[in-house]
Each structure stands twice: as structure tokens, then as C-alpha cells.
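Report on one structure; see the data block that follows.
Any read-out appearing in this document is the output of simple, stated calculations on the displayed coordinates, not a laboratory observation. Given the structure is predicted, the values throughout are model-derived calculations rather than measurements. All Cβ positions, even for glycine, are placed from backbone atoms using ideal geometry, and neighbour counts span all protein chains on display.
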Amino acid sequence: MSPEATYWITHLHLQPHPEGGFFREVYRSEEVLLPAGLPERYHHSRPLATSIYFLLTGKHFSALHRLQSDEIWHFYAGDRLQISMIDAGGHLRTIQLGNNPVQGEQLQAVVPRHHWFGAHVINPNGYALVGCTVAPGFDFADFELGERDHLLRQFPHHKTLIEQLTR
């Protein structure tokens, strides 16, 4: 792991994340939305918003998963990160998150709810430090980790990506 990645992991007090990489929650709204004020897909209260630091190295990846809420990704430091998204119709879209707009990189990107998505650092020796904001706030009840066999049956035309971003 690069000294820069180790620096951020240490100084931001990041811990291993279940989907890959390292993270720490930095914000969870004290105010909550009650089920009556949320779309029907939510079955209990949610904080207004949540935010995490998230770090991936070139040796890690964020496994394909989906959420019930939109997620906003913010680039902070390191190398270009590719976010790959598959919508319900099987259409693939990729976003390059980074700080070089001349090369098509974006500082911020939105992953729409219900899209299968994962991410990896383009440089195998690099790292990317990002932030992820979810509103209504993140709850593990809204998190679904992709199962390789299921995703391959549903989206066989994305076999390479699915094999790359699942365990």
C-alpha cells in the first residue's frame, strides 16, 4: 500500500469496509425522517443524510451493490476512480472520478438509487480518497451486496465487469 494511502487511513481513522476498501462515517444527521414522510421502499425511519470517508487502493475494489437512496461521490485525493453502474435495463454507465476535468474526470458524481454499482482505482499502485453522501441517510437495511451468479444470469453481457467487481 502506498505511503499516501496509509497516511489517510491512519489520520482519518479509517476501518475496513464490508464491500472493500476503508471507511469512517463522519456525519449522521440527528434529525430523522419518519416512515410516513418517506417513499414506500423505506420500512423504518432514516436520518436526513449520512456521509463517509471512503478509500480504495489499486488492490481493492468496491464490490457491486445497490442502495435504496441516491449516493453522491466526492473526490478528495489520489488517483482516478472508476465507478461502474448497471441500471435495471442492463445499461452500463461509467464515471471517472478525479480532479482532472481535461481527461473527463469529475469531482462529484451521483449514483442513482437501485443501480448496481462498484468502483475501482484505475492505477493498480494508486489509491483514491473520496466521500460518499446518502440522503435519506444510509442504513444497512437498504444495502444489497451483489451475488456474482445472480448478476451474471441477469446481465450476462457484463460478465467481465461482474467478475472484476464481485467476490
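In summary, SER62 fulfils each of the numbered conditions (1) surrounded by fewer than 15 Cβ atoms within 10 Å (Cβ to Cβ); (2) within 27 Å of PRO16 (Cα to Cα); (3) touching a residue at least 60 places away in the same chain (Cβ under 8 Å) with the single exception of condition (1). The criterion of at least 1 residues that are among the aliphatic types (A, V, I, L, M) and in contact with a helix residue (DSSP H, G or I) (Cβ under 8 Å, 6 or more places away or on another chain) is met by the following strands (runs of 3 or more DSSP E) wholly inside region 76-129: 81-86, 92-97. Does region 15-73 hold any residues that are among the basic types (Lys, Arg), outside any strand (DSSP E or B) and under 22 Å from ILE162 (Cα atoms), and which are they? Within region 15-73, just LYS59 meets the criteria.
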